[in-house]
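The values are calculated or read from the model by the stated rules, or taken from the named source; none is laboratory data. Here the structure is a predicted model, which is why all the values come from computation and not from measurement. Heads up, the Cβs are rebuilt from the backbone with ideal geometry, glycines too, and the neighbour counts pull from every protein chain shown.
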Amino acid sequence: MHLEKIRLFNFRNFKELEADFSKGLNIFFGDNAQGKTNLLEAIYFLCNLKPVRTNKEQHLIFFEEEKAYLKGVFSTFFGSVDREIWLNLGDKKKVRECGVEKKRFSELFWQIHAVFFSPDDLSLVKGKPSERRRFLDLIISRLRPKYGRYLAEYNRALFQRNILLKQLKHNRTLISALEVWDEQISELGTAILKTRMDFLEKLYPWVKKYYLYFSRDERQLELNYENTCFTEKILPDSFREAYALALRKSLPHDLESGFTQVGPHRDDLQFLLGGRDLRYFGSQGEQRTLCLSIKFAEMRMFFEVTGISPILLLDDALSELDKYRRKWILEENKEWQVFVTTSDISAIPDDILKKGSVFRIEAGTLGRWF
Ligand SMILES: Nc1ncnc2c1ncn2[C@@H]1O[C@H](COP(=O)(O)OP(=O)(O)O)[C@@H](O)[C@H]1O
Ligand SMILES: [Mg+2]
């Protein structure tokens, strides 16, 4: 799968842009603040329907404008797929695929996926737990179609339970109504937990492998799922019971705070290097390498499950890598479509430059270099 063509209108600092990309390596170079990251963000947004640097989609629209438009033409195993997105200030985005309006992420063509890495954005490792949950939820819902539904239903039930908790503060007679929500939540929550843990079990060996490859650090890297429902190791068959018990135990706190304190919406991921928690004690370099390794592991998992390589977006990441690893990313992996940005074109050896398409970005315009 790869992106053949892109068209943008009023997206970030691009008034209008049209470009054809190469199936393998694409390089965007230019000075700072010209739009390199913005263009990667446009590609990411077309693939995953989420911005990279903000959670407000309005930020993606050209300053002072009201609308933005993006179109991507993807070449896939099943032929060409075009996807269009309209952004409107004060309205929901509209998405069309091959001319048909799509209301849900799960209705979109499953092959199209992008992975973004920037050494400036280490929120996956050192940001809030919600960043790590967001990562998990996006990739898992892509790979396990049922997961997105569990998640949506879980969030709906959780929302209702939280409303009820607040009402119970004033009116305890409603307490019996809690049972219905607890029942639903423990069922859906258990399904989410199982899917997440199963996914992580498969992701972990890849994270470990890439971390060792990029860092050559021999210390043991561990990845743990931090579960708010139960801390001790229990068999998946007992999850549901343990979950229901955790909900009951947490009820006094939940009533006090008016908010459900346990469940997948509060869980986190923990990364230990030689027993030390990298979220809090990792050096900048270790956190970067971990982040890069997780992104590569994500690509690999996507490939293992679907047989398709996602699009790799590397923002100013080349300086992070020594020349062998750079070569490995840019040259050896011919089955990936890769977009890299750099302000220093000399960081890329000539023979590699010749193999890719090189574009120069200047003040929101894109020019073909060679
Ligand atoms: N919504 C927007 N509308 C217009 N310009 C924007 C918008 N968002 C960001 N920019 C501009 O884009 C530029 C940064 O582009 P960026 O892609 O980060 O540059 P770089 O080439 O350094 O990666 C800044 O000048 C910023 O003001
Ligand atoms: Mg940038």
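Taking residue 344 as meeting all but one of (1) within 17 Å of the chain's Cα centre (by Cα); (2) among the acidic types (Asp, Glu); (3) within 16 Å of ligand 1 (Cβ to nearest atom), write down the number of the exception.
With respect to (1) within 17 Å of the chain's Cα centre (by Cα); (2) among the acidic types (Asp, Glu); (3) within 16 Å of ligand 1 (Cβ to nearest atom), residue 344 is out only on (1).
Limited to the stretch 332-345, what total is found for residues that are surrounded by fewer than 23 Cβ atoms within 10 Å (Cβ to Cβ) and in contact (Cβ under 8 Å) with a residue 60 or more places away in the chain?
7
Give the residues of the stretch 144-162 that are surrounded by 19 or more Cβ atoms within 10 Å (Cβ to Cβ) and either at pLDDT below 95 or under 22 Å from residue 44 (Cβ atoms) (or both), sorted by residue number.
147, 151
Would you confirm whether any residue within the stretch 197-216 is modelled with pLDDT of 95 or more and either over 16 Å from residue 295 (Cα atoms) or in the same structural domain as residue 328 (by TED's automatic domain parsing) (or both)?
yes
Failed condition for residue 55, given (1) in contact (Cβ under 8 Å) with a residue 60 or more places away in the chain; (2) over 16 Å from residue 115 (Cα atoms), with all others met?
Unmet for residue 55, out of (1) in contact (Cβ under 8 Å) with a residue 60 or more places away in the chain; (2) over 16 Å from residue 115 (Cα atoms): (1).
Scan the stretch 54-65 residue by residue and report those that are surrounded by 17 or more Cβ atoms within 10 Å (Cβ to Cβ) and within 8 Å of ligand 1 (Cβ to nearest atom).
60, 61, 62 - these are the residues of the stretch 54-65 that are surrounded by 17 or more Cβ atoms within 10 Å (Cβ to Cβ) and within 8 Å of ligand 1 (Cβ to nearest atom).
Check whether at least one residue in the stretch 17-34 is away from ligand 1 (no atom under 12 Å from the Cβ) and of a type in the set (Ser, Thr, Tyr), and report yes or no.
There is at least one residue in the stretch 17-34 that is away from ligand 1 (no atom under 12 Å from the Cβ) and of a type in the set (Ser, Thr, Tyr).
Between residues in the stretch 163-188 that are within 22 Å of residue 151 (Cβ to Cβ) and assigned by TED's automatic domain parsing to the domain that holds residue 245 and residues that are hydroxyl-bearing (Ser, Thr, Tyr) and assigned to a helix (DSSP H, G or I), which pairs lie under 6 Å by C-beta distance while being six or more apart or on different chains?
Filtered contacts from the stretch 163-188: 186/243; 188/150; 188/154.
Of all residues being closer than 24 Å to residue 113 by Cβ and free of Cβ contacts under 8 Å to residues at least 24 places away in the same chain in the stretch 268-320, which is nearest to ligand 1 (Cβ to nearest atom)? Just the residue, please.
303
Restricting to the stretch 39-72, name every residue that is over 24 Å from residue 139 (Cβ atoms) and of a type outside the set (Phe, Trp, Tyr). Give the derivation first.
To start, the set of residues in the stretch 39-72 that are over 24 Å from residue 139 (Cβ atoms) comprises 58, 61-69, 71.
Of everything in the stretch 39-72, those that are over 24 Å from residue 139 (Cβ atoms) and of a type outside the set (Phe, Trp, Tyr) turn out to be 58, 61, 64, 65, 66, 67, 68, 71.
In this structure, is residue 16 more than 30 Å from residue 145 (Cβ to Cβ), outside any loop (DSSP other than H, G, I, E, B) and assigned by TED's automatic domain parsing to the domain that holds residue 347? Before you say what the answer is, go through the steps one by one.
Numbers: more than 30 Å from residue 145 (Cβ to Cβ): yes; outside any loop (DSSP other than H, G, I, E, B): yes; assigned by TED's automatic domain parsing to the domain that holds residue 347: yes.
For residue 16, the condition - more than 30 Å from residue 145 (Cβ to Cβ), outside any loop (DSSP other than H, G, I, E, B) and assigned by TED's automatic domain parsing to the domain that holds residue 347 - is met.
Evaluate the stretch 291-306: report whether one residue or more is small (Gly, Ala, Ser) and within 16 Å of ligand 2 (Cβ to nearest atom).
no
With the requirement that a residue be in contact (Cβ under 8 Å) with a residue 12 or more places away in the chain and out of contact with any helix residue (DSSP H, G or I) (no Cβ under 7 Å at 6 or more places or on another chain), what does the stretch 61-73 give you? Quick ask: steps written out before the conclusion?
Step one: of the stretch 61-73, the residues in contact (Cβ under 8 Å) with a residue 12 or more places away in the chain are 61-62, 65-73.
Within the stretch 61-73, 61, 62, 65, 66, 67, 69, 71, 73 qualify.
Before we move on, is residue 28 in a strand (DSSP E or B), crowded, with 18+ Cβ neighbours inside 10 Å and touching a helix residue (DSSP H, G or I) at 6+ places or on another chain (Cβ under 7 Å)?
yes
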